[in-house]
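What follows is a set of notes on a single structure, which appears directly below.
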Amino acid sequence: MYELNHDGSGNPYSSVVDLRRDKIKNFLDVRNYPAVASLFPVQYEYLVSRGTAGLIDAIENVTGVSAQCEPSPPRDLPPKQLDANYIEWMNDHVDWRAEKMIGYYETNTNSS
């Protein structure tokens, strides 16, 4: 299953990274919906490495409802070893303005 381009053409996206760009923008636009009180864009890596207590607290503060669950504790999340060619392709093709809106940045392929 795929999604069609939101440019009005009705054509599929030419690349999954273009689909991701539009999904990021659409996701962040949810904060402007009338029934949305707040939006908390959180990276998976952040939740794993720092635990879910901070996010749960933020949601409780906005909603006024106490959580009925135990927060997940922080865990080690070893960094993935990525191939330099993959990193170079991603750096060349990803819309980094959109990625920066959710806290992701280009990776330098130069090792020192």
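Based on Cα contacts under 8 Å between residues 6+ apart, the chain shows a relative contact order of 25 percent.
Neighbours of L77 by Cβ distance under 12 Å: Lys/Arg scored +1, Asp/Glu scored -1, total +1. Counting only protein heavy atoms and using a 1.4 Å probe, the accessible area of D18 comes to about 40 Å².
Carbon and sulfur atoms: what percent of the 1.4 Å accessible area of the stretch 4-112 do they account for? Show your work: numbers first, answer last.
Values: 4350 of 8470 Å².
The value for the stretch 4-112 is 51 percent carbon and sulfur by accessible area.
Ligands, DNA and RNA are left out, and with a 1.4 angstrom probe the accessible area of the stretch 10-112 is 77 Å² per residue. For the chain, the Kirkwood hydrodynamic radius from C-alpha pairs, put into Stokes-Einstein at 20 °C and a viscosity of 1.002 mPa s, yields a diffusion coefficient of 126 µm² per second.
The values are calculated or read from the model by the stated rules, or taken from the named source; none is laboratory data. A quick note: this is a predicted structure, and the numbers were derived from the prediction, not measured. As a convention, Cβ positions derive from the backbone with ideal geometry for all residues, glycine included, and neighbour counts pool all protein chains shown. Only protein heavy atoms, including side chains, enter the accessible area calculation; ligands, DNA and RNA are left aside. Shrake-Rupley method; radii C 1.70, N 1.55, O 1.52, S 1.80 Å.
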